Amino acid sequence: MNLHSYCSGPVHTNTYLLTNPASGKAVLFDAPMDSTDWVMQTLHATGTSLTHILLTHSHWDHTADAEEIRAKTGAALIVHPDDEYRLHNPNEYIGFPLNITFAASPPDGNVHHGETRVVAGVAFEIRHTPGHTEGGVCFIAHDHKVVITGDTLFEGSIGRTDMHGGNIEQLIQSINTQLLTLPDGYLCLPGHGNPTTIGDERRDNPFLQ
């Protein structure tokens, strides 16, 4: 699995690009502001074309470049149905003054809890992890022991729950039932900050003790 990462935008949001030169296909997880040039350069360098943009959730900092990347690549934009409404009206749910206007980016399809998506030759289980937003999801590549956690779980922290759609009790339950049930060795790739592991967060994360 060839996984490339990049951090961009005003709140330092991570994006992950999975490329498979053997098949010529690629998939993007989240599309933060100012990530388009990096995505296009990486696709060109790896000789791959983007088939899907999979969103962990629909907060603006994870979706700002989704419409531009979709226009340039023809990739399908996919989100959990409970988070779809923000993509239709992104400027109504920013949460604080930003002085930026975002384009609407209606999705091309949805992911649902328990399904498996095979993208760029890798199978990802989708687990619905509401609490940061209503339709937050994590993508788990069991064959590679990798979890893309979005803003559900961070190194030493969890996603904020003080914005529209947030619920602290629901988020803790999501982490306990959907993430901490995974083996310790699974690598977590969060929406902000450094990679971590399930075991490290189970042992050391102060929000989960």
Determine the distance separating the Cα centre of the range 38-56 from the Cα centre of the range 92-116; give it in Å without decimals. 19
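With contacts defined as alpha carbon pairs under 8 Å and 6 or more residues apart, what's the relative contact order of the chain in percent? Please list the in-between numbers first.
Details: 496 pairs, mean separation 32.2, N = 209.
Normalised by residue count, the contact order of the chain is 15 percent.
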quick shape note, the chain: Cα extents on principal axes in Å, largest first -> 44, 41, 27
What the 5 Å binned alpha carbon P(r) of the range 1-80 shows, as percent of pairs per bin from 0, is 3, 18, 32, 28, 14, 5, 1
Output for the range 166-207 (equivalent-ellipsoid semi-axes, sqrt of 5λ from the C-alpha gyration tensor, Å, descending) is 17, 13, 10
Charge dipole of the chain built from unit charges on the beta carbon (Lys, Arg +1; Asp, Glu -1), centred at mean Cα; most positive-end Cα among Leu180, His44, His59 is His44
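Using the per-residue mean of other Cβ atoms lying within 10 Å as a proxy for protection, in what order, highest first, do the peptides 113-122, 64-73, 169-178 fall? Provide the component values of the computation, followed by the final result.
On the way: 113-122: 15.0, 64-73: 20.4, 169-178: 17.3.
For the peptides 113-122, 64-73, 169-178, the packing ranking is 64-73, 169-178, 113-122.
We did not get these values from a lab; they are worked out from the coordinates using the rules stated. Everything numeric here is computed off the predicted structure, so don't read it as measured data. No Cβ is skipped: glycine too gets one built from the backbone with ideal geometry, and neighbour counts run over all protein chains shown.
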